[in-house]
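Report on the structure given below.
The values are calculated or read from the model by the stated rules, or taken from the named source; none is laboratory data. Here the structure is a predicted model, which is why all the values come from computation and not from measurement. Positions of Cβ are generated from backbone atoms using ideal geometry, with glycine treated the same way; all protein chains shown enter the neighbour counts.
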Amino acid sequence: MSKLHIFDTTLRDGEQVPGCQLKSEEKLEVAFRLESLGVDIIEAGFPVSSPEDFKSVALVSRHIKESTICGLSRAVEEDITVAANALKGAVNPRIHTGIGTSEFHVKYKLNTTNEDIINRGAHAVKFARNLVSEVEFYAEDAGRTDNEFLARVVESAIDAGASIINIPDTTGYCLPEQFAEKIAFLVNNVPNIDKAILSTHCHNDLGLATANSIAGVMAGARQVECTINGIGERAGNTSLEEVVMIINQHQHINLTHNIDTTQITSVSKTVSSMMNMPVQPNKAIVGSNAFSHSSGIHQDGVIKKRETYEIIDPASVGATGSEIILTARSGKAALNYHAKKLGYELDPEGLKIAYKEFLEVADQVKKVGSIHLHKIFKTIKAYA
Ligand code: KIV
Ligand code: ZN
């Protein structure tokens, strides 16, 4: 089974979001959690961006021993030098450098030619390779870059010494089949591609970040760049927890990873609170509703056999367990389940009466809690 490398960019792409900025000590705290989670590569920051970010990357580099520590830079000598200095204390340092490759970047942002982009990219990789032994190259906006040109950029970056090639869908533009096609095109058309690992880096503007990452992996990518809770610029990045649980769920993908999934829920909570970024309740894997069931039909199924409506065991991601929430859409099975949990044994007639009373309360309040339930069950018990 081949290995899927998990590259976490919570501390770089995730941290770019307004309000999510962390001080160096806070970044270190998150980095320890990511290391313990089993992340292979931690992108700790963009060292040239601010003195505090330089400090963060340097601090994380000194303390994290298991994961590779990566620093971002543009294809600019000064950025690369600063990144290398910040990474000095790391056991396994990696510089992540690159340049925009789509027409938007080449023509409008950088106002230059395709040949110049190839040369600048290759020069940046060579320059970085003189400072650290592991260099990753990114082709920004690869999602909207012509595949033939992208293949030339990638070939030249590998020749220059890059051993990881990042194919970002920077604007979250691609459909899964288009992104898979792009990765397959590179696998089949870049002559030196086996000297490098292809990486996905997908944004979520159309809600397709995870689907695109998985499509890229199935087409040959062996590194996924992602963040905890999918935080990141605009609509965010690929969620680490989603990718890992998809790989676990669909064993035929035939890949291994290092992530200890039982830590997912607690790392998610830490990142959410430290970065002031609430997790939407219906977020896959880590949302507060991810394992709760509120409609009668589903509740009945889950009570009889959990797997009827749950494909993930909550314990496997460190969540407390499946929850049966009582609302006006719940059925008798759910009410009886809660009655038993609270120590009431209702006969069929008692349950019928309790359910009628329950619905009256449930129509008034959004969620029926144990205080209400005790009141209902106590009366019923007297008549049952
Ligand atoms: O989205 C992107 O293109 C990036 C690169 C800087 C890797 O974050
Ligand atoms: Zn990004």
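Scan segment 211-237 residue by residue and report those that are free of Cβ contacts under 8 Å to residues at least 40 places away in the same chain and buried (at least 24 other Cβ atoms within 10 Å of the Cβ).
Within segment 211-237, Ser213, Ile214, Ala215 meet the criteria.
Return the residue satisfying two criteria in turn: it lies in segment 9-24 and is within 13 Å of ligand 1 (Cβ to nearest atom) and out of contact with any Lys or Arg (no Cβ under 7 Å at 6 or more places or on another chain), and of such residues it is nearest to Asp40 (Cα to Cα).
Applying the filter and picking the extreme gives Thr9.
Going by the conditions given, is Ala209 within 15 Å of ligand 1 (Cβ to nearest atom), at pLDDT 95 or above, closer than 19 Å to Ile253 by Cβ and not hydroxyl-bearing (Ser, Thr, Tyr)?
yes
Just one of (1) surrounded by fewer than 24 Cβ atoms within 10 Å (Cβ to Cβ); (2) in contact with a strand residue (DSSP E or B) (Cβ under 9 Å, 6 or more places away or on another chain); (3) not in a helix (DSSP H, G or I) trips up Ile247, so point out which.
Of (1) surrounded by fewer than 24 Cβ atoms within 10 Å (Cβ to Cβ); (2) in contact with a strand residue (DSSP E or B) (Cβ under 9 Å, 6 or more places away or on another chain); (3) not in a helix (DSSP H, G or I), only one is false for Ile247: (3).
Within segment 62-90, track down each residue that is in contact with a Lys or Arg (Cβ under 7 Å, 6 or more places away or on another chain) and either assigned to a helix (DSSP H, G or I) or aromatic (Phe, Trp, Tyr) (or both).
none
Of all residues in segment 45-70 being surrounded by fewer than 24 Cβ atoms within 10 Å (Cβ to Cβ) and acidic (Asp, Glu), which is nearest to Asp8 (Cα to Cα)?
Glu66
So which pairs qualify, if the first residue must be in segment 244-271 and in contact (Cβ under 8 Å) with a residue 24 or more places away in the chain, the second must be among the small types (Gly, Ala, Ser) and surrounded by 18 or more Cβ atoms within 10 Å (Cβ to Cβ), the Cβ gap must be under 8 Å, and the two must be at least 6 apart or on different chains?
Correct list of pairs: Thr265/Ala319; Val271/Gly14.
Consider Ser272 carefully, then state whether it is out of contact with any helix residue (DSSP H, G or I) (no Cβ under 8 Å at 6 or more places or on another chain) and surrounded by 16 or more Cβ atoms within 10 Å (Cβ to Cβ).
Judged against the criteria, Ser272 is not a match.
Check off (1) part of a helix (DSSP H, G or I); (2) surrounded by fewer than 19 Cβ atoms within 10 Å (Cβ to Cβ); (3) more than 16 Å from ligand 2 (Cβ to nearest atom) for Phe104 and give me the number that stays unchecked.
Of the numbered conditions (1) part of a helix (DSSP H, G or I); (2) surrounded by fewer than 19 Cβ atoms within 10 Å (Cβ to Cβ); (3) more than 16 Å from ligand 2 (Cβ to nearest atom), the odd one out for Phe104 is (3).
How many residues does segment 237-259 hold that are farther than 21 Å from Arg12 by Cβ and within 14 Å of the chain's Cα centre (by Cα)?
Within segment 237-259, residues that are farther than 21 Å from Arg12 by Cβ and within 14 Å of the chain's Cα centre (by Cα) number 3.
Among the residues of segment 299-337, how many are among the hydroxyl-bearing types (Ser, Thr, Tyr), free of Cβ contacts under 8 Å to residues at least 60 places away in the same chain and part of a helix (DSSP H, G or I)? Steps first, answer last, please.
First pass over segment 299-337, keeping only residues among the hydroxyl-bearing types (Ser, Thr, Tyr): 308-309, 316, 320, 322, 327, 330, 337.
In the following step, the residues that additionally are free of Cβ contacts under 8 Å to residues at least 60 places away in the same chain were identified as 308-309, 320, 322, 327, 330, 337.
This time we only want the ones that are part of a helix (DSSP H, G or I), so: 308, 337.
Going through segment 299-337 one residue at a time, the tally reaches 2.
Taking Phe179 as meeting all but one of (1) more than 23 Å from Pro18 (Cα to Cα); (2) more than 16 Å from ligand 2 (Cβ to nearest atom), write down the number of the exception.
Just one mismatch for Phe179, condition (2).
Considering only residues of segment 338-384 that are in a helix (DSSP H, G or I) and of a type in the set (Val, Ile, Thr), which is surrounded by the fewest Cβ atoms within 10 Å (Cβ to Cβ)?
Filtering segment 338-384 for residues that are in a helix (DSSP H, G or I) and of a type in the set (Val, Ile, Thr), the one surrounded by the fewest Cβ atoms within 10 Å (Cβ to Cβ) comes out as Ile371.
Anything in segment 196-219 that is more than 14 Å from ligand 2 (Cβ to nearest atom), under 15 Å from the mean Cα position of the chain (by Cα) and β-branched (Val, Ile, Thr)? List them, or say none.
Thr210, Ile214, Val217
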